[in-house]
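These notes are about the structure you will find just below.
Coordinate-derived values only; no laboratory data. Everything quoted here is computed from the prediction, not taken from an experiment. We place every Cβ from the backbone using ideal geometry, glycine too, and count neighbours over all the protein chains shown.
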Amino acid sequence: MILTSAIEKSIRKITELIALIGLSCLLIQAIMIVIDVLLRLFLNSPLFGLEDINQLLITIILASFFPILLIDSKNITIDFLGQLLGTKFKVWLDVVGQLITLLLFILVVWQLAIFSIEVEIQHTLILQIPIAPFWWLTTGLMALCIPAQLIVTASKIHQAIHSHSGISETVGTD
């Protein structure tokens, strides 16, 4: 249990740092867009190539937030079926939901890797920046979701296995 806690703390610190970097990139992107709008408005001269940069940054920015959302269990859940069936079933439905989420992120990373290979020779339209490195970075960020989700899933399984001790069947079914 101590090893799991140490791993969780390490992954949490990494995901927090990545989310902070993603937030910084988002703020920089927002500032660049405001500057672009002002330049278009007052000087009729936009920032050259901003569309290319925005196109490359948006996937990285979005992918940077997924790991921290998963490790903190901030994803949306629908609990009405679990409430109808009782606490014991609710805990196991949570496990199934976490396993499905884990499978989904494995599939997403797999497909992103395939896509990153396919765009190896492509470049942006205006600045001619290769796009594959940005997609590989996005794939790597999404791959961090897998260990984060593994920790959450293991925690839910542990809760489900040990939920029967000390919890009555009627708790949480109102």
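A count restricted to segment 100-126 and to residues that are touching a Phe, Trp or Tyr at 6+ places or on another chain (Cβ under 8 Å) and among the aliphatic types (A, V, I, L, M) stands at 3. The listed residues are Thr101, Thr77, and the only one of them that is touching a residue at least 40 places away in the same chain (Cβ under 8 Å) and either β-branched (Val, Ile, Thr) or touching a His at 6+ places or on another chain (Cβ under 9 Å) (or both) turns out to be Thr101.
A Cβ distance below 8 Å, combined with a sequence gap of six or more or placement on separate chains, defines the contacts here; from segment 108-134, residues that are within 20 Å of Pro147 (Cα to Cα) reach residues that are surrounded by 14 or more Cβ atoms within 10 Å (Cβ to Cβ) and among the hydroxyl-bearing types (Ser, Thr, Tyr) in the pairs Val109/Thr139; Leu112/Thr138; Leu112/Thr139; Ala113/Thr139. Across segment 25-68, the qualifying residues are those that are among the hydroxyl-bearing types (Ser, Thr, Tyr) and under 19 Å from Thr138 (Cα atoms), and the one among them that is surrounded by the fewest Cβ atoms within 10 Å (Cβ to Cβ) is Thr59.
Quick one: would you say Ala30 is without any contact (Cβ under 8 Å) to a residue 60 or more places away in the chain, touching an Asp or Glu at 6+ places or on another chain (Cβ under 7 Å) and farther than 25 Å from His158 by Cβ? So Ala30 does not fit the description; no.
Among the residues of segment 34-54, those identified as farther than 17 Å from Thr124 by Cβ and either in a helix (DSSP H, G or I) or in contact with a Lys or Arg (Cβ under 8 Å, 6 or more places away or on another chain) (or both) are Val34, Ile35, Val37, Leu38, Leu39, Arg40, Leu41, Phe42, Leu43. In this entry, Phe42 is excluded by the filter for residues that are in contact with a helix residue (DSSP H, G or I) (Cβ under 6 Å, 6 or more places away or on another chain) and of a type in the set (Phe, Trp, Tyr).
Checked against (1) surrounded by 16 or more Cβ atoms within 10 Å (Cβ to Cβ); (2) under 25 Å from Thr153 (Cα atoms); (3) in contact with a helix residue (DSSP H, G or I) (Cβ under 7 Å, 6 or more places away or on another chain), Ile14 meets all criteria but (3).
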